[in-house]
Structure formats: structure tokens, C-alpha cells
Amino acid sequence: QVQLVESGGGLVQPGGSLRLSCAASVNIFSIYVMGWYRQAPGKERELVALITNSGTTNYADSVKGRFTISRDIAKNTVHLQMIGLNPEDTAVYYCNAKRSFDNSWGQGTQVTVSS
């Protein structure tokens with residue numbers, strides 16, 4: 001299993017920004033896909049954004065144009081830059097790493113958008 005440590009969550013006002021980070025315990029080139037998921041109270045976990053080891057990205061329709069996933073290969077870290085946050089973005093955000101033989105999750109970081 002890959003150890004994943006998320007950071008950067010918190011409370012932000014509507015329209016604000018946050019940057020989440022996910023530090024992996026292995027070289028991220030060995031990870032086929034890294035992604036950010038979120039789970040709001042009473043809802044299922046959903047994909048927010050992903051990035052493959054070739055650098056291809058994909059986003060949920062609800063966050064396109066507002067969220068950007070990126071990676072720092074030297075630090076084995078994936079970031080999620082979030083702008084234009086609204087209350088519907090409130091959730092626990094989880095980092096995920098998929099290799100051919102395992103699927104790992106971080107512990108989650110809370111993002112709350114409220115005035």
C-alpha cells in the first residue's frame with residue numbers, strides 16, 4: 001500500500017480558495033493514477049480530479065474551470081488548487097493512488113465553505 005498524507009483543508013468563505021496537498025510514500029511515477037475524491041455528509045464519495053503518470057488530467061463537471069490538479073514529482077506530491085469555492089464544495093477530500101496491484105487512500109482532509 002502507498003501511504004498518503006493529505007494537508008491544506010480548512011474553513012473558507014464562499015468565493016475563496018484553498019490548496020490541498022497529498023504526499024505519497026513512493027515515487028509517484030510508479031503510480032498509474034492519482035486522484036482527489038470527496039464525500040459530503042449523506043452522499044457517496046465522488047471523483048473530483050485525477051492525474052495519470054503521463055500527466056493527463058480529468059475533472060468532474062462540477063469543478064471544471066475552478067479546480068486544478070498538479071504534481072510535484074521531486075516531492076512525490078499531488079496538489080489540488082481550488083478557487084471559486086461554494087458551499088456545495090464542502091466535504092472531506094481524500095487522496096487516492098492506484099497501481100496495478102493496489103489501491104490506496106489517505107485519511108482525508110475537511111474542507112468547509114461557509115460564511
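The values are calculated or read from the model by the stated rules, or taken from the named source; none is laboratory data. This one's a predicted model, so the numbers in the text were calculated from it and none came from an experiment. Glycine gets a Cβ as well: all are built from the backbone with ideal geometry, and neighbour counts include every protein chain shown. Ligands, DNA and RNA are excluded from the accessible area calculation, which covers all protein heavy atoms including side chains. Shrake-Rupley method; radii C 1.70, N 1.55, O 1.52, S 1.80 Å.
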Checking VAL78 against (1) out of contact with any helix residue (DSSP H, G or I) (no Cβ under 8 Å at 6 or more places or on another chain); (2) modelled with pLDDT of 95 or more, the condition it does not meet: (1)
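Condition check: more than 11 Å from ALA97 (Cα to Cα) and touching a strand residue (DSSP E or B) at 6+ places or on another chain (Cβ under 8 Å). Does LEU4 satisfy that? Show your work before the answer.
Numbers: more than 11 Å from ALA97 (Cα to Cα): no; touching a strand residue (DSSP E or B) at 6+ places or on another chain (Cβ under 8 Å): yes.
No, not satisfied.
Are there any strands (runs of 3 or more DSSP E) wholly within segment 1-88 with 1 or more residues that are open to solvent by less than 20 Å² (accessible area, probe 1.4 Å) and either without any contact (Cβ under 8 Å) to a residue 40 or more places away in the chain or over 20 Å from THR112 (Cα atoms) (or both), and if so which?
Strands (runs of 3 or more DSSP E) meeting the threshold: 4-7, 18-24, 33-39, 46-52, 67-72, 77-82.
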Pick from segment 23-51, criterion β-branched (Val, Ile, Thr) and modelled with pLDDT of 95 or more, ranking: farthest from LEU4 (Cα to Cα): VAL48
Pairs with Cβ under 9 Å, 6+ apart, first in segment 93-115 and over 18 Å from ALA40 (Cβ atoms) and small (Gly, Ala, Ser), second open to solvent by less than 20 Å² (accessible area, probe 1.4 Å) and part of a loop (DSSP other than H, G, I, E, B): ALA97/VAL2; ALA97/ILE31; ALA97/GLY106; SER104/VAL2; SER104/ILE31
Test: residue in segment 91-102 that is open to solvent by 60 Å² or more (accessible area, probe 1.4 Å), among the small types (Gly, Ala, Ser) and over 13 Å from the mean Cα position of the chain (by Cα): yes
